[in-house]
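Participant: The structure is given below, and queries will be raised subsequently.
The values are calculated or read from the model by the stated rules, or taken from the named source; none is laboratory data. Keep in mind that what you see is a predicted model, and the values were worked out from it rather than measured. Heads up, the Cβs are rebuilt from the backbone with ideal geometry, glycines too, and the neighbour counts pull from every protein chain shown.
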Amino acid sequence: MNYVPRLQTKYEEEVKDAMMAKFTYKNQMQIPQVQKIVLNQGVGAAVNDKKLVDAAIDEMTKITGQKAQATFSKKDISNFKLRKHVPIGAKVTLRKERMFDFMDRLITIALPRVRDFQGLNVKGFDGRGNFTMGITEQIIFPEIDIDKVNKITGMDITVVTSAKTDEECLELLKFLGFPFKTK
């Protein structure tokens with residue numbers, strides 16, 4: 001018996017039907033779906049301390065269950081004492097089962113642990129059906145041991161969907177369980 005994530009079965013059994021009822025699609029293939037989730041963490045102080053990038057890669061690997069990659073600077077910026085091709089952050093791209101597992105843990109465990117959480121801001125859409133949110137502390141994830149954290153840093157989480165409009169993406173994410181602010 002193969003493992004199927006809870007949110008993936010919810011998408012197949014409930015969300016597709018709800019999206020068909022809400023929007024007028026001619027066939028099942030037009031229903032938007034989540035394609036990937038990209039986590040990005042910039043470490044500004046990495047210019048002075050190279051160990052911060054290694055710590056960020058280690059933390060993102062623990063959070064996602066997939067090996068993170070270092071991101072490198074593209075050009076020299078003298079005001080920031082930054083040289084070209086210096087590691088300055090970490091990123092992970094999740095797809096398929098790992099994506100659904102991470103999304104489930106984000107919605108049910110991590111977001112409720114955010115201090116004074118009022119819901120996700122609906123201004124995080126890019127106009128092409130993708131949603132980006134910022135998290136200020138990586139310690140909201142239970143995989144991170146707060147005693148072993150050198151520096152509390154944030155990260156950006158981008159949910160890339162096949163939706164054509166922001167309205168379709170918003171409804172898709174609401175049906176999946178993302179807690180958006182009510183106006």
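Participant: Within the range 157-183, which residues are in contact (Cβ under 8 Å) with a residue 60 or more places away in the chain, outside any loop (DSSP other than H, G, I, E, B) and over 15 Å from residue 103 (Cβ atoms)?
Facilitator: The answer is 168, 171.
Participant: Further question on the same structure: Could you tell me which of the residues 145, 76, 116 is modelled with pLDDT under 80, among the charged types (D, E, K, R) and surrounded by fewer than 12 Cβ atoms within 10 Å (Cβ to Cβ)?
Facilitator: Sole residue among the options that is modelled with pLDDT under 80, among the charged types (D, E, K, R) and surrounded by fewer than 12 Cβ atoms within 10 Å (Cβ to Cβ): 145.
Participant: Only one residue in 39, 52 is touching a residue at least 24 places away in the same chain (Cβ under 8 Å), under 30 Å from residue 167 (Cα atoms) and either in contact with a helix residue (DSSP H, G or I) (Cβ under 8 Å, 6 or more places away or on another chain) or in a helix (DSSP H, G or I) (or both), so which one is that?
Facilitator: Values: 52 fails: under 30 Å from residue 167 (Cα atoms).
Only one candidate passes the filter, namely 39.
Participant: Exactly one condition in (1) in a loop (DSSP other than H, G, I, E, B); (2) within 13 Å of the chain's Cα centre (by Cα) is not met by residue 134; state its number.
Facilitator: Unmet condition: (1).
Participant: I would also like to ask the following. Test residue 127 against the stated conditions and say whether it is outside any helix (DSSP H, G or I), within 14 Å of the chain's Cα centre (by Cα) and exposed (fewer than 14 other Cβ atoms within 10 Å of the Cβ). Please lay out each step first, then the result.
Facilitator: Numbers: outside any helix (DSSP H, G or I): yes; within 14 Å of the chain's Cα centre (by Cα): no; exposed (fewer than 14 other Cβ atoms within 10 Å of the Cβ): yes.
No.
Participant: Taking residue 140 and the conditions (1) under 23 Å from residue 8 (Cα atoms); (2) buried (at least 17 other Cβ atoms within 10 Å of the Cβ), which numbered condition does it fall short on, given that it satisfies the others?
Facilitator: (1)
Participant: Going residue by residue through the range 25-41, is there one that turns out to be over 25 Å from the mean Cα position of the chain (by Cα), surrounded by 12 or more Cβ atoms within 10 Å (Cβ to Cβ) and at pLDDT 80 or above?
Facilitator: The answer is yes, given that some residue of the range 25-41 is over 25 Å from the mean Cα position of the chain (by Cα), surrounded by 12 or more Cβ atoms within 10 Å (Cβ to Cβ) and at pLDDT 80 or above.
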